[in-house]
Amino acid sequence: MEWKRWQNALLAGLGASLAIALLGWLDLGWQLTLLMAPFGASCVLLFSLPQSPLARPQNVLGGHLLAAAVGLLVQGLPLPLEIKLALGVGLAIALMQGLGLIHPPAGANPLLVLLTAQSWPFLWQTVLPGALLLIVIAAGYRRLSRKPAPALA
């Protein structure tokens, strides 16, 4: 029993390492910005808890896009940064839950957007391709390691 747990843990760590390595290689080698800190947390769900509803492809992609868009929208409000940060995270969580797209790592996206002063291209140049690649890498890794995929519903 103990060995099986460690085997699963090592496989999850390997999968996450490969996913981040690929995004990092594309980041550096192709001059694309595909890495952001919340993707590391997404790897926890995608590789350690692939059966979780929070790891469903629509949750990963939808949660990241939605939360980043909220951060970008809130950024334009004439409010103090502390209020924007709180409002961005709160709205992102409410929208993810209301739309059935909860992905906890995406809750950090408004903070990232606001604290690094991102602009709209961040949404389709970093968040969209990065999340899609994580989903594809995780699906391929599950197939190779014979792990079941998350339920789609």
Quiz item: In nanometres, what is the gap between the two model label sites at Leu18 and Leu79, each 7 Å from Cα along Cα-to-Cβ?
Solution: 4.2 nm
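Let me spell out the model: positive unit charges on the Cβ of Lys and Arg, negative unit charges on the Cβ of Asp and Glu, origin at the Cα centre of the chain. What dipole size does that give, in debye rounded to 20?
Charge dipole, the chain, about its Cα centre: 540 debye, nearest 20.
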Self-check item: Approximate spin-label separation Gln7-Ser48, in nm, with each point projected 7 Å along Cα-to-Cβ
Solution: 2.0 nm
Quiz item: Expressed as cubic angstrom per residue, what is the convex hull volume of the alpha carbon set of the stretch 16-131?
Solution: 87 Å³
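Determine the calculated [θ] at 222 nm for the chain from helices alone, applying -39500 (n - 2.57) to every DSSP H run no shorter than 4 residues and normalising by the residue count; nearest 500 deg cm²/dmol.
On the way: 6 runs with 97 residues, N = 153.
One gets -21000 deg cm²/dmol as the mean residue ellipticity at 222 nm.
Highest first, please rank the peptides 105-117, 58-70, 6-18 by the mean number of other Cβ atoms sitting within 10 Å of their residues.
The most tightly packed comes first, giving 58-70, 105-117, 6-18.
Could you look at the chain and say what percent of its accessible area is carbon and sulfur, using a 1.4 Å probe and all protein chains? Spell out each step's value before the answer.
Values: 6080 of 8320 Å².
Answer for the chain is 73 percent, counting heavy atoms of protein chains only.
The values are calculated or read from the model by the stated rules, or taken from the named source; none is laboratory data. Please read all numbers here as calculations on a predicted model, not as lab measurements. Here Cβ is always computed from backbone atoms with ideal geometry, including for glycine, and neighbour counts include all displayed protein chains. For the accessible areas, the whole protein counts, side chains as well, though only heavy atoms, and no ligand, DNA or RNA atoms are used. Shrake-Rupley method; radii C 1.70, N 1.55, O 1.52, S 1.80 Å.
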